[in-house]
Structure formats: structure tokens, C-alpha cells
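What follows is a short report on a single structure.
The values are calculated or read from the model by the stated rules, or taken from the named source; none is laboratory data. Since we're looking at a predicted model, the values are computed, not measured. When we count neighbours, we look across all protein chains shown, and the Cβ atoms used for this are built from the backbone with ideal geometry, even at glycine. Heads up: the accessible areas ignore ligands, DNA and RNA and are worked out on the full protein's heavy atoms, side chains in. Shrake-Rupley method; radii C 1.70, N 1.55, O 1.52, S 1.80 Å.
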Amino acid sequence: MSAMNALDMSIDAARCTVASSYLRLLGDFCEAHGLPVEQLLALRGLSEELLEQPDARIAGDDFLAMCTYASEHFAQPDLGLRLGLSMKPGYLGPYGFVLTSCKTAAEALAAFKRFSSLAMDLGHNEMVNHDDQNVMYWRCHLESGNPAQRFLDDLVAASWVAMTRLLTAQPDVHPLRVELPHPAPQDLRGYEEVFGCPPVFDAPVLTVVFSSEIWQRQLPQGDPRVHATIKVLCEQLLQRLESSRDPDWLSACRRAVVANLRSGVPGLDEIAQELGMTRGALRTRLAKHEIGFQGLVDQLRRDMALAYLDNHTLDLVEIAFLLGFSEQSAFQRAFKRWTGYTPGNYRRRQQQSVTPALAGDPQFQAQSQ
């Protein structure tokens, strides 16, 4: 699937959400400038306790309403730029931990592409690697003409710049080119200060281009052990987020697959019959969501395997049976294909505490504050 085809994908923006950790970015800015965060949250009937719940999410509409209020309160039409430039990994939740633990640029760019919706899924991003450039795209899910789109475009573009500088430890790096979908404001100084180059306005899609050279070195804060563990958590959170947006028939399809696994891996015909569809109808519906049936089954088995391995009352033979494998060796091979580890090695790694490693990392603490 090409980058531009991917950018044409759309979902119901009314169902989009923002992570509570990401909301702290707005709350901290408002507190620092004299607007109490409880006043901001009260606009939408939200509790301040929400900011202390790492897995909580709020409706995208609520987030945008608070951003609009803050922008008007401070009389700052460029609030999106200001927030984006102050982005730090701690505001991104587990996704931020994954980024800061990447040892190579390839890992960081892959994590950006895979997990950014965990922070905010009000748009879709894509990335294309050229010989000498990394091109990042983002298309807002809001309807055309929504006044909040400019805010989001500015926020995303500026946060990409801020995070690139943090991850590569190059505080003075600038993008080669920035293209923004909204009209040019009268005063361009804020944009030029943030990006270090005059952006192009009225572009078809938000585009930020960096030189590939800045991503060719190893990242200074990388920690493979932390990265592997937190990446598993992010995969689980991403699956939960994607499932929350599933249409009813797709949720029913997932449940039917899981329910049948103990009897072996179910086939497309079997699941279609349970859903009251023909084989062709189910295949067509899955294709419209860019999902293959075997890929769906594989993803469900992988996610269930990760959950079962966290339950130390289950041995590997039992887990293989629960996942529909005829023998443990087949489970071993599949799990290593999914994660790069054998089930036993993965379970032993999980028994090691990751929290002390993160808590003791002064660089991560400094970036998160």
C-alpha cells in the first residue's frame, strides 16, 4: 500500500480518542501560564484524576474543545506550535518509552509508524524512506473546514520536530521542508522559528521532510531490553484501541475465532457460517478493512499468547493447546516468528523488572519532566 493510499484511509473522527498522558501536555502548559488544569477539565466534566490514569483515554472532541478554550483564553492562535515544540517522551505514555528505548533509527521510525495512534488517533500518519530523505505524512480525520484542523496540524508537525531533536540528541536539527494544509497566517515568525525553514501552506497533506543523514547513527539512549518489553505492552494497547473502533460484525468475527481455537484453528467457512454470512461476503468485508482472514487469526493468537505467558499457572503445553496448536513445537516456531523469542525466553524476560531500569534512567527522567 502506497503512502498516499494509506493517507486516504478514514475513520469516524467522532470515535477518535486522546491518551490521558498526552492531555498532560496541554494541562502542564495551561498551569505554567496561569490557567488551572481543573478549570480546563471542568469544561467537559472531566476529573483531574484522569491525568493519573496511564491507560485512560478521552474523546477527541473533548480534547479539541479544551485546546480551543486555551487558545482563546491566552489569545494564542499558534498554541498548537507552542505545545508541539514542548513535546517530551513522558507526554506520550508507553509510546514515548518505546521511542526513547530505541537503539537505532530504524527502530524509532518503525515505532513512530506503528504506535503513534496510542498518543492520539485524530489522524493517520505514514512515512516514506528515500535515499537521502525521510518523509513523514499526516492527514487529519476531521472534516474539511473544521477550525481545529489548523491546531492539530501545527501540533503534530512541531511535535515531530521536537521529538526528532530529542531522540537524535541534535537540538539544532531542522527539517528540510514543511508543508501544512491550512492557509498561511499573517505572521509567519512563529513557524520559521519552530521549523527553521519557511513552510509551504495550503498543501494537500501535512508533510515534514528530514535528511536521512540525521537518522543514520545509533540513538544514544537506546536500551534493547526495555524496548522489547515495552513494545509488547504497546502492541497490546494498540490492539485494544483498534478493537474499540471495530464494527459489530468484526468484533463478532474476532470472538468467534477465539471461541473456536481450542478445537483447532477455525477456517473462513466455519466463521462465516457462525456469523450468518457467505464465505465471499466475509472475505469482502475483511478486505475493505485491509485485513486478511489468516492475518486476523495470526494476530489474535499472538495477542492471546502474550497474555497467557503472563499467567504463570499455565505451562507452555497448555498454552499451545489453548491457542489451537497441535503440538508445543509448532507453538514455539510461531511465537519466535511473532516476537523473535521462544515462549520460554520471553517469559523469563518478563519476570525481570523493567520499572527499575526506567526509573533509574536519568536521561529519560529529564526528558519526561
Evaluate E = 1/(1 + (r/R0)^6) for Thr342 and Ala42, where r is the Cβ-Cβ distance and R0 equals 56 Å; express this FRET efficiency to the nearest 0.05. 0.65
Skip the ligands, DNA and RNA, and give the accessible area per residue of the chain with a 1.4 Å probe, whole Å². 47 Å²
Return the FRET efficiency for the residue pair Gln170, Gln273: r is the Cβ-Cβ distance, R0 is 51 Å, and the value is rounded to the nearest 0.05. 0.35
How high is the relative contact order of the chain, in percent, counting Cα pairs under 8 Å that sit 6 or more residues apart? 16 percent
Let me understand region 211-253 better: what is its radius of gyration from the alpha carbons, and its Dmax, in angstrom? 16.9, 47
Under a Gaussian network model of the chain whose springs join Cα atoms within less than 10 Å, the largest fluctuation of Leu233, Leu81, Leu122 belongs to Leu233
Phi to ³J(HN,Hα) by Karplus 6.51 cos²θ - 1.76 cosθ + 1.60 over region 115-127, Hz, x for Gly, Pro: 10, 4, 5, 5, 7, 6, 10, 7, x, 10, 10, 8, 9
To the nearest whole percent, what portion of all C-alpha pairs in the chain is separated by more than 33 angstrom? 36 percent
Place a label point 7 angstrom from the Cα of Ala59 along the Cα-to-Cβ direction, then list the residues of region 14-53 whose backbone nitrogen is under 11 Å away. 14-16, 44-45
Lys113 to Asp298: extension gain in nm, 0.36 nm per residue of separation minus the Cα-Cα distance? 64.5 nm
If one puts a single equal scatterer on every Cα of region 109-215 and applies the Debye formula without solvent, what log₁₀ I(q)/I(0) results at q = 0.14, 0.24 Å⁻¹? -0.53, -1.54
With a 1.4 Å probe and all protein chains in place, put Tyr308, Tyr191 in order of accessible area, largest first. Tyr308, Tyr191
Taking placed amide H atoms and a strict 5 Å upper bound, the residues 5 or more places from Gln133 or on another chain that come that close are Ser212
Compactness of region 227-289 - radius of gyration and Dmax, Cα, Å: 13.9, 43
Over the Cα atoms of region 149-275 the radius of gyration and the largest Cα-Cα distance (Dmax), both in Å, equal 22.2, 66
Please report the spacing between the Cα centers of region 238-286 and region 66-144 in Å, no decimals. 32 Å
Counting Lys and Arg as +1 and Asp and Glu as -1, what is the net charge of the other residues whose Cβ lies under 12 Å from the Cβ of Pro183? -1
Given labels modelled 7 Å from the Cα in the Cβ direction, how far is it in nm from Ser86 to Ala330? 5.6 nm
Quick one: if the Förster radius is 22 Å, what FRET efficiency do Glu143 and Arg245 give, using the C-beta to C-beta distance and rounding to 0.05? 0.80
Can you give the direction-averaged projected area of the convex hull of the alpha-carbon atoms in region 272-321, in nm²? 4.4 nm²
Row for region 60-156, column shape: gyration tensor on C-alpha, a ≥ b ≥ c, rounded if a/c < 1.5 i.e. under 1.5, prolate if a/b over b/c, else oblate; value prolate
A student applying the Cα gyration tensor rule (rounded when a/c is under 1.5; otherwise prolate if a/b is larger than b/c, oblate if not) would label region 111-157 prolate
How big is the antiparallel share of DSSP beta bridges in the chain, given as a percent to the nearest 5? 95 percent
